[in-house]
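*Asks:* First the structure, then my questions, so here it is.
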Amino acid sequence: DTGVSQDPRHKITKRGQNVTFRCDPISEHNRLYWYRQTLGQGPEFLTYFQNEAQLEKSRLLSDRFSAERPKGSFSTLEIQRTEQGDSAMYLCASSGRGFTGELFFGEGSRLTVL
Amino acid sequence: AQRVTQPEKLLSVFKGAPVELKCNYSYSGSPELFWYVQYSRQRLQLLLRHISRESIKGFTADLNKGETSFHLKKPFAQEEDSAMYYCALTSYGKLTFGQGTILTVHP
């Protein structure tokens, strides 16, 4: 197990297109998180899952964003009708049972919207 | 609402000098505070947590509830400490991060 993996690592798209990111967490971890990071800012919480249940979604997340974790393993984050303001690094993280505050992060998926 | 503030975006010190990265928080309950670090070309990772009260790579951090602070300290900085440091707190099963401080340790 090489840790949390994200795909693609980089995505360049035109405004208005849809994009999807995938995250594969550490296999025994039941919690999965999505964060967004823009230049000069810390990671900003988007949403998280415990197994397949989406437990919280940030109020900052517009309706164009949707995340799924259908079988409680990998997760996808889809952004519809992308805007230039969506350009950011999208980070996925996972943690094991009994949240201790230690998140294991992936390398991130960088989105550039032209 | 919970909030984490790191007032310094950049911090530069020379090797062997003491270093302190500041973190202040606002949280209505009893907080759990953490420091995360991201070295160049590496993933964001946990450095230390306040409940452990341990020293990691020579770094320590004390939770001061009166001043709502959780500053990260190291008495003698090393070049390999150069990295981005994030302070974070937990609430309702998730982490809230500060904006981060870039630490540069010069030889």
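The values are calculated or read from the model by the stated rules, or taken from the named source; none is laboratory data. Just so it is clear, the structure is predicted and the values come from calculations on it, not from any experiment. Glycine also receives a Cβ, built like all others from the backbone with ideal geometry; neighbour counts cover every protein chain displayed. Only protein heavy atoms, including side chains, enter the accessible area calculation; ligands, DNA and RNA are left aside. Shrake-Rupley method; radii C 1.70, N 1.55, O 1.52, S 1.80 Å.
*Asks:* What residues qualify as long-range amide H neighbours of A:E102, i.e. H under 5 Å apart, gap of 5 or more or another chain, H built at 1.01 Å from N?
*Replies:* When sequence neighbours closer than 5 places are left aside, there are no close amide H contacts.
*Asks:* How much solvent-accessible surface does A:R110 expose, in Å² to the nearest 10, with a 1.4 Å probe and all protein chains in place?
*Replies:* 110
*Asks:* Heavy atoms only, 1.4 Å probe, whole protein assembly: order B:K94, B:K22 by accessible area, highest first. List each step's numbers first, then the result.
*Replies:* Details: B:K94 15, B:K22 70 Å².
So, going from the largest accessible area down, we get B:K22, B:K94.
*Asks:* Taking 50 Å² as the minimum loss, tell me which residues in region B:18-48 lose that much accessible area going from the chain by itself to the full protein complex (1.4 Å probe).
*Replies:* Residues shielded by partner chains are B:R43, B:L44.
*Asks:* Considering only Cα-Cα distances, which of the following residue pairs are longer than 23 Å: A:K71/B:K94; B:K22/B:K57; B:K15/B:K65; B:K15/B:K57; B:K65/B:K94?
*Replies:* Working: A:K71/B:K94 21 Å; B:K22/B:K57 18 Å; B:K15/B:K65 31 Å; B:K15/B:K57 15 Å; B:K65/B:K94 20 Å.
Over 23 Å Cα-Cα: B:K15/B:K65.
*Asks:* To continue, here is another question. Search the structure for amide H atoms under 5 Å from the amide H of B:L33, placed 1.01 Å from N in the peptide plane, and list their residues when 5 or more places away or on another chain.
*Replies:* Amide H neighbours of B:L33: B:H50, B:I51.
*Asks:* Treat each spin label as a single point 7 Å out from the Cα along the C-beta direction, and report the B:T60 to B:K9 distance in nm.
*Replies:* My value for the distance between the label points is 3.2 nm.
*Asks:* Let me ask you something else. Could you list the GluC sites (Glu not before Pro) in region A:8-103 that lie in coil according to DSSP, counting only those with at most 10 other Cβ atoms within 10 Å of their Cβ?
*Replies:* Listed in order of number, the matching sites are A:E28.
*Asks:* Another question, if that's okay. Whole-Hz Karplus ³J(HN,Hα) for region A:76-90, in order, using 6.51 cos²θ - 1.76 cosθ + 1.60 and θ = phi - 60°, x for Gly and Pro?
*Replies:* With coefficients 6.51, -1.76 and 1.60, one gets 10, 10, 10, 10, 9, 6, 4, 10, 4, x, 7, 4, 5, 9, 9 Hz.
*Asks:* Here's another thing I want to ask about it. Tell me which residues come under 5 Å, amide H to amide H, from B:G100 once H is placed; ignore anything under 5 positions away on its chain.
*Replies:* HN-HN under 5 Å from B:G100: B:Q6, B:C87.
*Asks:* If you split all Cα-Cα distances of chain B into 10 Å bins from zero, what percentages do you get per bin, shortest first?
*Replies:* 16, 51, 28, 5, 0
*Asks:* Right, next: Counting only the heavy atoms of the protein chains, how much of A:S58 is accessible to a 1.4 Å probe, in Å² to the nearest 10?
*Replies:* 20
*Asks:* OK, next. Sorted by accessible area (1.4 Å probe), largest first, how do B:I51, A:I26, A:I79 line up?
*Replies:* Numbers: B:I51 100, A:I26 25, A:I79 0 Å².
Largest accessible area first, the residues go B:I51, A:I26, A:I79.
*Asks:* Also, quick follow-up: Please give the Cα centre distance for region A:1-41 versus region B:47-102, rounded to the nearest Å.
*Replies:* About 25 Å separates the Cα centre of region A:1-41 from the one of region B:47-102.
*Asks:* Okay, next question. Label 7 Å along Cα→Cβ of A:R9; region A:20-43 residues with amide nitrogen under 20 Å?
*Replies:* A:20-26, A:35-39
*Asks:* Each residue of region A:52-65 in order: what ³J(HN,Hα) in whole Hz does its phi give by Karplus 6.51 cos²θ - 1.76 cosθ + 1.60, θ = phi - 60°, with x for Gly and Pro?
*Replies:* Going residue by residue, I get 8, 8, 7, 8, 8, 9, 4, 5, 6, 7, 6, 5, 6, 9 Hz, with x marking Gly and Pro.
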